[in-house]
Amino acid sequence: MLLASLSFAFMGGFAKVISTILPPVEVAFFRNIFGVLLVGLSIYKVPLKQTGGKFMLLIFRGSMGFISLLAYFYLIATIPLGEAVTYNKTSPIFVAIFAYLFLNEKLNRGAIVAIILGFLGILFVAQPIGGTLDRYDVLGIFSGIGAALAYTSIRELRKYYDTRAIVMSFMGIGTVAPLLLMVVTPYFEVPKSLDWMFAEFIMPQGQQWLYVTAVGLFATASQILMTKAYALTKAGIVGTISYSNIVFGVIIGVILGDAIPNIWTFLGIILVIGSGLLVALSKEK
């Protein structure tokens with residue numbers, strides 16, 4: 001899981017570098033295309049074993065995962081990497097809420113405390129001026145919510161679908177949707193509020209191909225390592241270690257030129273990590 005977290009942080013670092021040249025929607029495309037090829041090869045060699053029956057939920061999982069990822073890559077390009085990773089790691093807070101609302105899972109006292117700490121952490125990271133969140137904060141929270149909806153749906157989908165089919169729903173939509181968004185962009189005026197979703201395709205040149213390849217490879221490596229980690233030991237332990245990617249993200253971000261987080265941002269990051277750990281521990285119990 002440590003290697004998965006490090007790979008995830010390296011993916012973010014390369015995405016941040018290449019996002020100064022290529023739009024986030026294009027970076028999202030390259031992030032997923034490698035996974036599609038790998039999972040597709042796996043399905044070709046070993047056919048899917050599943051009953052199916054929840055196709056629209058499968059599409060919902062893939063769509064939410066893609067939109068969350070797109071918002072995440074936009075944040076990587078526009079705010080410090082450590083903050084972008086922190087917003088993304090708020091998903092366990094929202095998973096606990098959605099599991100209570102939609103899957104009838106109980107919220108024990110530890111989970112409720114975790115949710116409160118998590119929202120306090122989000123406020124410290126966002127540091128709203130005049131009580132108002134800016135678009136980056138809103139997209140950051142949306143990134144966590146979108147990921148949480150995707151993760152929550154997996155709990156139902158795994159009863160009906162092979163794990164590879166669930167992963168392919170995300171990566172497949174995450175490959176096709178960016179292409180469609182880039183194709184239609186030249187034909188209408190993109191509203192300012194949606195510029196994080198739309199952009200024209202820019203052909204990578206020279207060394208840029210190395211960066212987009214690194215994004216795809218590190219993302220795929222992170223996915224494989226994380227899956228292996230969850231298969232080898234308790235989810236609570238793995239989930240706890242996964243928060244190391246925030247630390248790696250802050251370090252890589254600073255190396256790439258991000259400002260060192262101020263005391264309030266550090267406090268927010270600690271609260272978000274603490275919240276995630278409490279959620280994991282309460283689930284273990």
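Values quoted throughout were computed directly from the atomic coordinates according to the rules given, and no laboratory measurement underlies them. Model, not experiment: these values are computed from the prediction. Here the Cβ positions follow ideal geometry from the backbone for every residue, glycine too, while neighbour counts run over all protein chains shown.
Tabulated results
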read-out	value
Residues satisfying the stated conditions in the stretch 257-280, i.e. among the aliphatic types (A, V, I, L, M) and either touching a strand residue (DSSP E or B) at 6+ places or on another chain (Cβ under 8 Å) or assigned to a helix (DSSP H, G or I) (or both)	ILE263, LEU267, ILE269, ILE270, LEU271, VAL272, ILE273, LEU277, LEU278, VAL279, ALA280
Residue list for the stretch 252-269, filter: surrounded by 15 or more Cβ atoms within 10 Å (Cβ to Cβ) and among the β-branched types (Val, Ile, Thr)	ILE252, VAL254, THR265, ILE269
Of all residues making up the stretch 1-60, the number that are part of a loop (DSSP other than H, G, I, E, B) and free of Cβ contacts under 8 Å to residues at least 12 places away in the same chain	2
Selection within the stretch 184-221 - part of a loop (DSSP other than H, G, I, E, B), in contact (Cβ under 8 Å) with a residue 60 or more places away in the chain and not aromatic (Phe, Trp, Tyr)	MET197, ALA199, GLU200, ILE202, PRO204
Which numbered condition LEU6 misses (of (1) closer than 22 Å to PRO204 by Cα; (2) out of contact with any Lys or Arg (no Cβ under 6 Å at 6 or more places or on another chain); (3) of a type in the set (A, V, I, L, M))	(1)
